[in-house]
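Asks: Questions regarding the structure given below will be posed in turn.
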Amino acid sequence: MTVEAQIAQEKPNWRRYFTWNTDHKVIGVQYMVTTFFFFLIGGALAMLIRSELAQPGTDILNGVQYNRFLTNHGSVMIFLWIIPIWAGMGNYFIPLMIGARDMAFPKLNALSFWLIPPAGLIMLASFFVGAAESGWTAYVPLSVAAPFGQTLWAVSVILLGTSSIMGSINFVTTVLTMRAEGMGFWDLPLFVWSMLATALMVLVATPMLTAGLVLIAMDRLVGTLFFNVPAGGDPIFWQNVFWFYSHPAVYIMILPGMGIISEIFPVFSRKPIFGYKAIAFSSLAISILGLTVWAHHMFASGMNPALRVPYMITSMIIAVPTGVKIFSWLGTIWDGKLSFTTPMLFALGFISMFLIGGITGIFLASIPVDLHVHDSYFVVAHLHFVLFGGAVSAVYAGLYYWYPKVTGRMYNEKLGKTHFWLNFLGTNLTYLPMFVAGLLGMPRRVVDYAPEFASYNMLATIGAFLLGISTLPFLYNAIVSWVRGPKAGSNPWRALTLEWQTSSPPPEHNFEDTPVMTRWPYDYGESPLAEPGVAPAAGD
Amino acid sequence: MKERTIFTVIILSLVLITVGYLVATQVDFSWLLPAQASSRAVLVDRLFRVMMGIAAVIFLIVEGALVYAVLRFRRKPGDDREGLPVHGNNTLEIVWTLIPAVIVAVIGIYSYRVLTDVERKPSDPLVVRVIGQQFAWSFEYPDSGVKSSVLHLPVDHPVQFQIESRDVIHSFWVPAFRVKHDATPGQIDELVLTPTEIGTFPVRCAELCGVGHAAMTTEVKVESQEDFQAWIDSGGTLVSSATTAAGSGTDNSAATASAPELLVQFGCGACHSLSAASLAGIVGPALDGIGTWGADRVEGQDAQTYIRNSIVEPNAYVEKGYAPGVMPQDFSTRISQEQLDVLVSYLASQ
């Protein structure tokens, strides 16, 4: 065998990332890279939107273009970025963290991923035939009368929903059946717990949206009358169907991030996670309660007024398990030995910004206040603090934390910290002024606004460009460090979860020996220094 | 040590409660909220203040603990020891589960009370129909038959809106009244409030309704009882001062209202611009000079015919660069022949 052939055999070719491959690690990277590409597209749309809104008047986009951009900004960010990036991280790390060799259904896994590129292309291609322009909420009857791109949008989201459902079936089965010997449910890493809770929500809620989109597509394509008002169709019906999925979708987007935060704090505080069971239970509580709050998006609609109050109550109760998580994280870092690596900074940033999203969520849950701020920029600010300050911070935290595991190389800390600070300042500068504009009366989804809102919008636009710039050090760091970064070794963070107890990147079937759980994943703070938690299986 | 901790907790709690109380009662939030012009606004703002007070306390506790931990528990260089093996603390965990539960219970009960107060049915309200359509609001007063594109309300008199839509979902939002409600096609929804301040306040559409969503704005004029009655008696034609200035001084009966008044009444300015009538819409084609260029749009139609057709059958010819179906197609049923004549001859002279 020639040397080249040997190297080719030992070092799997980069081309495998562009092929049908059933290795969960390859699929995980495929997910992460593809979805980050869509994140950049969604971000470019956001910056076009912010450019238009920098000043009152319509300078750059007309009303039609603006509505198309805002619709696809939201849809791309939600369906092609945040939801599938978690599927990517779950794919890569759940099998490693529970000591499995792969996912339960490797081919289904590959299929879940390969639905995403065509779905993304369909959504973006719709710009050539008149893209969807009725918001990611696609409220009827506006969306039924929209141009042909709306149909493509529905097809794309149906494909993405199907991908998400298949992925979740895989996650649940994998966690339930493929844990390492000796690993009970109370030994699961909290990221795995949060992905399990997320997958259960997806399985209950996503089919509803998919079914609703089929109804819209049928109204548009074959002339059914589900949402045709003169024929007796009911616009409120769509809102119920849509939010039955799309509110849980918020937790689908944030719970995995909370799981990552729970992984990062113990490692960089050198302390056990504070209140492990409380955090695990709060994930389950959020996923169950999260299915019962959807009509708080409809307080100002023509829904039955008497039904609003129960939804207000459930929406507010969600603050309790969320608070448990935040306080438990504070308990974890309290009295610890904190090192401020980039993932730790993003995790701390997550708490400080997600908190603002959470508190303003209580304002929105309170019906009388909501009737003022609903559908205003207050909501835009709130949801971005949750999904950008929260979920995206957690994505970055996870990407930096696991970068050495996936690539075998260490990223550059200086660039990472630059990225964090640009991102942190940019997020607050973009979204804080929006709270004020919304309270003062600026509606969302407008291409133009009254001059009194000009200064808040200018600040938000400057912040948005800061956020755009902040991706540059990240991209440079991620690409260059993959080639030239120093070798990371198998466990640079001295972490105890199983994914760190194998080489970086892990070999094809993850572990040289079948792993057995010997130590709880958060046994930090023991003396002498914590040792890795894997022992070769007996008789192996 | 233990005593010192208890002492610190007590002091911090007192400080935080004071801060929360001051935020809820003393801080000036006028920069954060629009004018307070309805019975709802007073109650909603009070609730908002209380929630801001609570929010300030929670914010300070969490961000304060975070910043303190970051500054205080930084790992010293060369210190490779582990932290303390603390796995939890049942008392602490019960406390930080129960306290938020109590707080949201308080906010929930208070919110419910405010809700029942602001939605209590008044006796003998003024009924106003609010009609949303792409991309203008119109208001009808069933008692007097008056129709208007600007909302006029008498101060301190309860009003009951009946909100509906002619096409897609809109949302009727008056920030100064602190309330919005969707105009949903196929149903008529009720909304009650009492205006409490004389003045002019913006009315906006808060639900994405299509290309002209941002332009779907108008005004509410809260007037004294006398001014409101005079406006009703005039048939609703004493409209905004800008229009009156541009008006041709004809008498005030609705059927022969001047063209600029009709332009306002039918909401043309939501989409079209016309400098002579101070219309500044951006959604549809500008109407300046339509008397000239209107003549060479459709073979065999002079400007008058073209304008008339464009109003009653807007899809017959659509100006380049604009989409069909955006302009309402029901003007033929809403504009009288007389009104149409007035509009056509006025526009043809532009």
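Asks: Of the conditions (1) more than 11 Å from chain A (Cβ to nearest Cβ); (2) charged (D, E, K, R); (3) under 18 Å from the mean Cα position of the chain (by Cα), B:Asp28 fails just one. Which one is it?
Replies: It is condition (3) that B:Asp28 fails.
Asks: Which ones in the stretch B:254-278 are surrounded by fewer than 22 Cβ atoms within 10 Å (Cβ to Cβ), without any contact (Cβ under 8 Å) to a residue 60 or more places away in the chain and not in a loop (DSSP other than H, G, I, E, B)?
Replies: Hits for the stretch B:254-278 are B:Ser273, B:Ser275.
Asks: Let me ask something additional. Filter the stretch B:23-45 down to the residues that are open to solvent by 70 Å² or more (accessible area, probe 1.4 Å) and either at pLDDT 95 or above or acidic (Asp, Glu) (or both) and list them by number.
Replies: Listed by number, the residues that qualify are B:Asp28, B:Gln36.
Asks: Any idea which of B:Ala56, B:Ala105 is closer than 21 Å to A:Ser315 by Cα, at the interface with chain A (Cβ under 9 Å from one of its Cβ atoms), of a type outside the set (D, E, K, R) and not in a strand (DSSP E or B)? Break it down into steps so the answer makes sense when it comes.
Replies: Working: B:Ala56 fails: at the interface with chain A (Cβ under 9 Å from one of its Cβ atoms).
Answer to the check: B:Ala105.
Asks: For the stretch A:329-349, how many residues meet the condition of being surrounded by fewer than 24 Cβ atoms within 10 Å (Cβ to Cβ), within 7 Å of another protein chain (Cβ to nearest Cβ), in contact (Cβ under 8 Å) with a residue 60 or more places away in the chain and within 16 Å of A:Ser262 (Cβ to Cβ)?
Replies: Residues flagged as surrounded by fewer than 24 Cβ atoms within 10 Å (Cβ to Cβ), within 7 Å of another protein chain (Cβ to nearest Cβ), in contact (Cβ under 8 Å) with a residue 60 or more places away in the chain and within 16 Å of A:Ser262 (Cβ to Cβ) within the stretch A:329-349 amount to 2.
Asks: Now for a separate question. Taking the stretch B:151-172 on its own, how many of its residues are farther than 15 Å from B:Leu191 by Cα, open to solvent by less than 10 Å² (accessible area, probe 1.4 Å) and within 18 Å of the chain's Cα centre (by Cα)? Break it down into steps so the answer makes sense when it comes.
Replies: At the first step, the residues of the stretch B:151-172 found to be farther than 15 Å from B:Leu191 by Cα are B:152, B:154-156, B:166-169.
Going one step further and asking which of them are open to solvent by less than 10 Å² (accessible area, probe 1.4 Å), we end up with B:152, B:154, B:169.
Among the residues that remain, those that are also within 18 Å of the chain's Cα centre (by Cα) are: B:152, B:169.
Counting residues in the stretch B:151-172 that are farther than 15 Å from B:Leu191 by Cα, open to solvent by less than 10 Å² (accessible area, probe 1.4 Å) and within 18 Å of the chain's Cα centre (by Cα) gives 2.
Asks: Restricting attention to the stretch A:412-444, which residues are within 30 Å of B:Gln36 (Cβ to Cβ), within 14 Å of another protein chain (Cβ to nearest Cβ) and part of a helix (DSSP H, G or I)? Lay out the reasoning, then the answer.
Replies: As a first pass, look at the stretch A:412-444 and keep what is within 30 Å of B:Gln36 (Cβ to Cβ): A:428-444.
With within 14 Å of another protein chain (Cβ to nearest Cβ) added as a condition, the list becomes A:428, A:432-444.
Correct list: A:Asn428, A:Leu432, A:Pro433, A:Met434, A:Phe435, A:Val436, A:Ala437, A:Gly438, A:Leu439, A:Leu440.
Asks: Specify which of the listed residues (A:Glu508, A:Glu512) is touching a residue at least 60 places away in the same chain (Cβ under 8 Å) and assigned to a loop (DSSP other than H, G, I, E, B).
Replies: A:Glu508
Asks: Quick one: in the stretch B:118-131, of everything that is within 14 Å of chain A (Cβ to nearest Cβ) and either assigned to a loop (DSSP other than H, G, I, E, B) or open to solvent by 70 Å² or more (accessible area, probe 1.4 Å) (or both), which residue is nearest to B:Arg46 (Cα to Cα)?
Replies: B:Glu119
Asks: Output the residues belonging to the stretch B:33-57 that are more than 17 Å from B:Pro202 (Cβ to Cβ) and within 23 Å of the chain's Cα centre (by Cα).
Replies: Across the stretch B:33-57, the qualifying residues are B:Ser39, B:Val42, B:Leu43, B:Val44, B:Asp45, B:Arg46, B:Leu47, B:Phe48, B:Arg49, B:Met51, B:Met52.
Asks: Let me ask something additional. Out of (1) more than 23 Å from A:Ser75 (Cβ to Cβ); (2) within 14 Å of chain B (Cβ to nearest Cβ); (3) in a helix (DSSP H, G or I), the odd one out for A:Pro404 is which?
Replies: (2)
Asks: If you check A:Arg494, A:Arg519, which single one turns out to be among the charged types (D, E, K, R), touching a strand residue (DSSP E or B) at 6+ places or on another chain (Cβ under 9 Å), part of a loop (DSSP other than H, G, I, E, B) and modelled with pLDDT under 95?
Replies: Details: A:Arg494 fails: touching a strand residue (DSSP E or B) at 6+ places or on another chain (Cβ under 9 Å).
None of the others qualify; the one that does is A:Arg519.
Asks: Hey, another quick one. Which of the residues spanning the stretch A:299-309 are more than 7 Å from chain B (Cβ to nearest Cβ) and either assigned to a helix (DSSP H, G or I) or crowded, with 21+ Cβ neighbours inside 10 Å (or both)? Lay out the reasoning, then the answer.
Replies: Of the residues in the stretch A:299-309, the ones more than 7 Å from chain B (Cβ to nearest Cβ) are A:299, A:303-308.
Within the stretch A:299-309, A:Phe299, A:Pro305, A:Ala306, A:Leu307, A:Arg308 qualify.
Asks: For the stretch A:246-276, name all the residues that are in contact (Cβ under 8 Å) with a residue 60 or more places away in the chain, within 22 Å of the chain's Cα centre (by Cα) and open to solvent by 10 Å² or more (accessible area, probe 1.4 Å).
Replies: A:Val250
Asks: Taking only the stretch B:82-94 into account, find how many residues are within 7 Å of chain A (Cβ to nearest Cβ) and in a loop (DSSP other than H, G, I, E, B).
Replies: The number of residues fulfilling the criteria is 7.
Asks: Picking from B:Arg49, B:Arg75, B:Arg40, which residue would you name as being among the charged types (D, E, K, R) and in contact (Cβ under 8 Å) with a residue 40 or more places away in the chain? Walk me through it before giving the result.
Replies: Numbers: B:Arg49 fails: in contact (Cβ under 8 Å) with a residue 40 or more places away in the chain; B:Arg75 fails: in contact (Cβ under 8 Å) with a residue 40 or more places away in the chain.
Only one candidate qualifies: B:Arg40.
Asks: Okay, moving on. What pairs come up if the first residue lies in the stretch B:187-201 and is within 11 Å of chain A (Cβ to nearest Cβ), the second is basic (Lys, Arg) and surrounded by 20 or more Cβ atoms within 10 Å (Cβ to Cβ), and their beta carbons are under 7 Å apart, counting only those six or more places apart or on different chains?
Replies: B:Leu193/B:Arg40
Asks: Return a yes/no flag: does the stretch A:493-500 have any residue that is within 14 Å of chain B (Cβ to nearest Cβ) and either among the β-branched types (Val, Ile, Thr) or open to solvent by 20 Å² or more (accessible area, probe 1.4 Å) (or both).
Replies: Checked the stretch A:493-500: at least one residue is within 14 Å of chain B (Cβ to nearest Cβ) and either among the β-branched types (Val, Ile, Thr) or open to solvent by 20 Å² or more (accessible area, probe 1.4 Å) (or both).
Asks: I would also like to ask the following. With B:His152, B:His157, B:His181, B:His170 as the choices, which residue is out of contact with any His (no Cβ under 8 Å at 6 or more places or on another chain) and facing another protein chain (nearest Cβ under 9 Å)? Walk me through how you get there before you give the answer.
Replies: Values: B:His152 fails: facing another protein chain (nearest Cβ under 9 Å); B:His157 fails: facing another protein chain (nearest Cβ under 9 Å); B:His170 fails: facing another protein chain (nearest Cβ under 9 Å).
Step by step, each of B:His152, B:His157, B:His181, B:His170 is checked, and only B:His181 is out of contact with any His (no Cβ under 8 Å at 6 or more places or on another chain) and facing another protein chain (nearest Cβ under 9 Å).
Asks: Just need a number here: residues in the stretch A:379-393 that are aromatic (Phe, Trp, Tyr) and open to solvent by 10 Å² or more (accessible area, probe 1.4 Å). If you could, list the steps in order and put the result at the bottom.
Replies: Residues of the stretch A:379-393 that are aromatic (Phe, Trp, Tyr), as a first pass: A:385, A:388.
From what is left, the residues that are open to solvent by 10 Å² or more (accessible area, probe 1.4 Å) are A:388.
Number of matching residues: 1.
Asks: Let me ask something else. Name the one entry in A:Thr162, A:Thr137 that is within 23 Å of the chain's Cα centre (by Cα) and within 14 Å of another protein chain (Cβ to nearest Cβ).
Replies: A:Thr137
Asks: Could you check the stretch A:202-239 and list, in sequence order, the residues that are among the polar types (S, T, N, Q), touching a residue at least 40 places away in the same chain (Cβ under 8 Å) and open to solvent by less than 50 Å² (accessible area, probe 1.4 Å)? Quick ask: steps written out before the conclusion?
Replies: First, the residues of the stretch A:202-239 that are among the polar types (S, T, N, Q): A:206, A:210, A:224, A:228, A:239.
Those still in the list that are touching a residue at least 40 places away in the same chain (Cβ under 8 Å) too: A:206, A:210, A:228, A:239.
Within the stretch A:202-239, A:Thr206, A:Thr210, A:Gln239 meet the criteria.
Asks: May I ask you to list the residues in the stretch A:445-454 that are in a helix (DSSP H, G or I) and either free of Cβ contacts under 8 Å to residues at least 12 places away in the same chain or open to solvent by less than 10 Å² (accessible area, probe 1.4 Å) (or both)?
Replies: As a first pass, look at the stretch A:445-454 and keep what is in a helix (DSSP H, G or I): A:451-454.
Hit for the stretch A:445-454 is A:Phe453, nothing else.
Asks: If you go through the stretch A:124-180 one residue at a time, how many are among the aromatic types (Phe, Trp, Tyr), surrounded by fewer than 24 Cβ atoms within 10 Å (Cβ to Cβ) and touching a helix residue (DSSP H, G or I) at 6+ places or on another chain (Cβ under 6 Å)?
Replies: Matching residues across the stretch A:124-180 total 1.
Asks: For the stretch A:310-328, name all the residues that are touching a His at 6+ places or on another chain (Cβ under 9 Å) and more than 7 Å from chain B (Cβ to nearest Cβ).
Replies: First pass over the stretch A:310-328, keeping only residues touching a His at 6+ places or on another chain (Cβ under 9 Å): A:311-312, A:314-315.
Selection gives A:Tyr311, A:Thr314, A:Ser315.
Asks: Answer with yes or no whether B:Ala69 is farther than 30 Å from B:Asp45 by Cα, modelled with pLDDT of 95 or more and open to solvent by less than 50 Å² (accessible area, probe 1.4 Å).
Replies: yes
Asks: Which numbered condition in (1) surrounded by 14 or more Cβ atoms within 10 Å (Cβ to Cβ); (2) within 29 Å of A:Leu345 (Cβ to Cβ) is the only one that B:Gly64 fails?
Replies: If we test B:Gly64 against (1) surrounded by 14 or more Cβ atoms within 10 Å (Cβ to Cβ); (2) within 29 Å of A:Leu345 (Cβ to Cβ), just (1) comes out false.
The values are calculated or read from the model by the stated rules, or taken from the named source; none is laboratory data. Computed from a predicted structure; not experimentally measured. Note: ideal-geometry Cβ built from the backbone for every residue, glycine included; neighbour counts use all protein chains shown. Protein only, heavy atoms only, side chains kept; ligands, DNA and RNA dropped before computing areas. Shrake-Rupley method; radii C 1.70, N 1.55, O 1.52, S 1.80 Å.
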